[in-house]
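Beneath this line is the structure, given in structure tokens, with notes to follow.
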Amino acid sequence: MPDNIISITSRLQNYLEFLSDLGFKGFDCSGKTLETLKSWGQDPFSRYETLHDIKKELRECRKCRMAESGNQAIMGAGKPGARLMFVGGWPEAEDGASGRPYSGKAGELLTRIIKAMNLSHDEVYISYALKCRPAEKVEPAEADVRVCCRYVLQEIDIVKPDIICILGELAASALLGSQVPWGERRGR
């Protein structure tokens, strides 16, 4: 099956699972309903053409509980077309202040790792599976992760990295779509 079909199918499955988690039991796909959706300007299969398009939507996003925390959504940063992309779990407090991913202590470590690879931030792309920082002591629900993960999946689709380095268990679960323990995934 071509990659784009697999990608579309996977995204559709995630979206339908999210709707199911919200309590939806069925869908009215009649011509009248589809016309109503179009009149609202809601294309359920919209795709972003550029990273700027994603960033624009993130400013207005209120699709999951994480957006209720009042924290700023953090868009990925770096080189479009980068060969290497890092994806972490969610933003830290320092990221909200700077508006950029990995701005705090974790960012200092990541910067040292990137430099040790003889690369710079201008040569990689860095993002998060969740775009908003959860409220203190609140663990993101699986439904929140599925909704928010669509942004990073589209960032991946636009950046088209050769290698994705997953940083942490939440990012691994979000991108790989399974709950395999982190220890079993490490190094793969």
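Numerical summary
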{"item": "Evaluation of Ala67 against (1) in a loop (DSSP other than H, G, I, E, B); (2) open to solvent by less than 80 Å² (accessible area, probe 1.4 Å); (3) within 13 Å of Leu130 (Cα to Cα) (one fails), failing number", "result": "(1)"}
{"item": "Residue selected from segment 28-57 under the condition of a type in the set (Phe, Trp, Tyr) and at pLDDT below 70, by the criterion farthest from Lys79 (Cα to Cα)", "result": "Trp40"}
{"item": "Among residues of segment 108-146, those that are in contact with a Lys or Arg (Cβ under 7 Å, 6 or more places away or on another chain), under 19 Å from Leu51 (Cβ atoms) and in a helix (DSSP H, G or I), counted", "result": "2"}
{"item": "Residue in segment 90-101 that is more than 15 Å from Leu58 (Cα to Cα), open to solvent by less than 40 Å² (accessible area, probe 1.4 Å) and of a type outside the set (Asp, Glu) present", "result": "no"}
{"item": "Among (1) closer than 23 Å to Leu12 by Cα; (2) surrounded by 14 or more Cβ atoms within 10 Å (Cβ to Cβ), the one test that Lys160 misses", "result": "(2)"}
{"item": "Hits in segment 137-175 (condition: of a type in the set (Lys, Arg) and under 17 Å from Ser7 (Cα atoms))", "result": "Arg146, Arg150, Lys160"}
{"item": "Number of the condition not met by Tyr151 [criteria: (1) open to solvent by less than 10 Å² (accessible area, probe 1.4 Å); (2) in contact with a Gly (Cβ under 8 Å, 6 or more places away or on another chain)]", "result": "(2)"}
{"item": "Cross-chain or 6+ apart pairs with Cβ under 6 Å, segment 146-170 first and within 17 Å of Met66 (Cβ to Cβ), then open to solvent by 50 Å² or more (accessible area, probe 1.4 Å) and part of a loop (DSSP other than H, G, I, E, B)", "result": "Val147/Lys63"}
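The values are calculated or read from the model by the stated rules, or taken from the named source; none is laboratory data. Quantities reported herein were computed from a predicted structural model and do not represent experimental measurements. Positions of Cβ are generated from backbone atoms using ideal geometry, with glycine treated the same way; all protein chains shown enter the neighbour counts. Side chains are part of the model used for accessible areas, which takes the heavy atoms of the whole protein and leaves out ligands, DNA and RNA. Shrake-Rupley method; radii C 1.70, N 1.55, O 1.52, S 1.80 Å.
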